[in-house]
1. With the condition kept exactly as written, say whether any residue in the stretch 62-75 is at pLDDT 90 or above, acidic (D, E) and within 30 Å of A136 (Cα to Cα).
2. Could you check how many residues of the stretch 83-99 are among the charged types (D, E, K, R), without any contact (Cβ under 8 Å) to a residue 40 or more places away in the chain and closer than 18 Å to S39 by Cβ?
3. Being more than 19 Å from K59 (Cβ to Cβ) and of a type in the set (V, I, T) narrows it down to one residue among T127, T100; which is it?
4. I need a count of the residues in the stretch 100-112 that are out of contact with any helix residue (DSSP H, G or I) (no Cβ under 9 Å at 6 or more places or on another chain), touching a residue at least 24 places away in the same chain (Cβ under 8 Å) and over 15 Å from L82 (Cα atoms).
5. Of the residues A56, A80, only one is without any contact (Cβ under 8 Å) to a residue 60 or more places away in the chain, under 19 Å from E130 (Cα atoms) and touching an Asp or Glu at 6+ places or on another chain (Cβ under 7 Å); which?
6. Please go through the stretch 130-165 and pick out each residue that is farther than 30 Å from P57 by Cβ, modelled with pLDDT of 55 or more and among the hydrophobic types (A, V, I, L, M, F, W, C).
7. G124 - would you say it is within 17 Å of V42 (Cβ to Cβ) and in contact (Cβ under 8 Å) with a residue 60 or more places away in the chain?
Amino acid sequence: MFDYTKTEIVAGAFVLIGLAVLGYLSISIGGFKLLPKDSYRVSARFANVGDLKVRAPVKVAGVTVGRVTSIRLNDFFGQAELAIERGVRLPADSIASITTAGLLGDAFISLSPGGAEQDLADGGRITQTEPALNVADLLGRYAFGASTGQGSSSSERATDAPAGSPSAPVAPRSPPPSHPATPEPRP
């Protein structure tokens, strides 16, 4: 009924193997796990989550130990839910910081373990957090000379600055004459 040659069977098997490898790579690069790792969940509240995204890595000393599972607004704070591998026990006074990989890299959560005897339990909360840095705000402060950002405007800083300082007001310069000055007659 079906009369296939050996070459056709080998070609069909090669295509099927190629599709299986492509499917596996698509799933693994996308972050989907067929068998999820055994993990426990903790939460952390940040004043600013910046560009943090769901499935961003959670790292301790640069080693990925978990993922961000959700981000939501809770009482005007960004609350991130983290799934941490069971083998990694975090002290209760650990610090969670949102950092980026390089200047324009993806955001991730960096955990700094504390020294408490008690560990965070499943469903626990990291109370000490450091929000994401806003790179555009930092560049703006540097470019326009704002050092503290305590609500003073640039005109207030300029008038309070001592003479000769970089933020002191500078008197406008008069334009150079368009023709050479003629000497004044002597009396």
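1. no
2. Step one: filter the stretch 83-99 for residues among the charged types (D, E, K, R), giving 85-86, 89, 93.
Then keep just the ones that are without any contact (Cβ under 8 Å) to a residue 40 or more places away in the chain; that gives 89, 93.
Of the ones still in play, those that are also closer than 18 Å to S39 by Cβ are 89.
Result for the stretch 83-99: 1.
3. On the way: T100 fails: more than 19 Å from K59 (Cβ to Cβ).
Every option except T127 fails the conditions.
4. Total satisfying the criteria: 1.
5. Numbers: A80 fails: touching an Asp or Glu at 6+ places or on another chain (Cβ under 7 Å).
Step by step, each of A56, A80 is checked, and only A56 is without any contact (Cβ under 8 Å) to a residue 60 or more places away in the chain, under 19 Å from E130 (Cα atoms) and touching an Asp or Glu at 6+ places or on another chain (Cβ under 7 Å).
6. Matches in the stretch 130-165: A143, F144, A146.
7. Values: within 17 Å of V42 (Cβ to Cβ): yes; in contact (Cβ under 8 Å) with a residue 60 or more places away in the chain: yes.
For G124, the condition - within 17 Å of V42 (Cβ to Cβ) and in contact (Cβ under 8 Å) with a residue 60 or more places away in the chain - is met.
Okay, residues lined up against (1) more than 14 Å from R41 (Cβ to Cβ); (2) buried (at least 16 other Cβ atoms within 10 Å of the Cβ); (3) in contact with a His (Cβ under 7 Å, 6 or more places away or on another chain):
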residue	(1), (2), (3)
A83	no, yes, no
D93	yes, yes, no
A96	no, yes, no
Q118	yes, no, no
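The values are calculated or read from the model by the stated rules, or taken from the named source; none is laboratory data. In this text the structure is predicted, and so the values were computed from the model without any measurement. All Cβ positions, glycine included, derive from the backbone under ideal geometry; neighbour counts span all protein chains shown.
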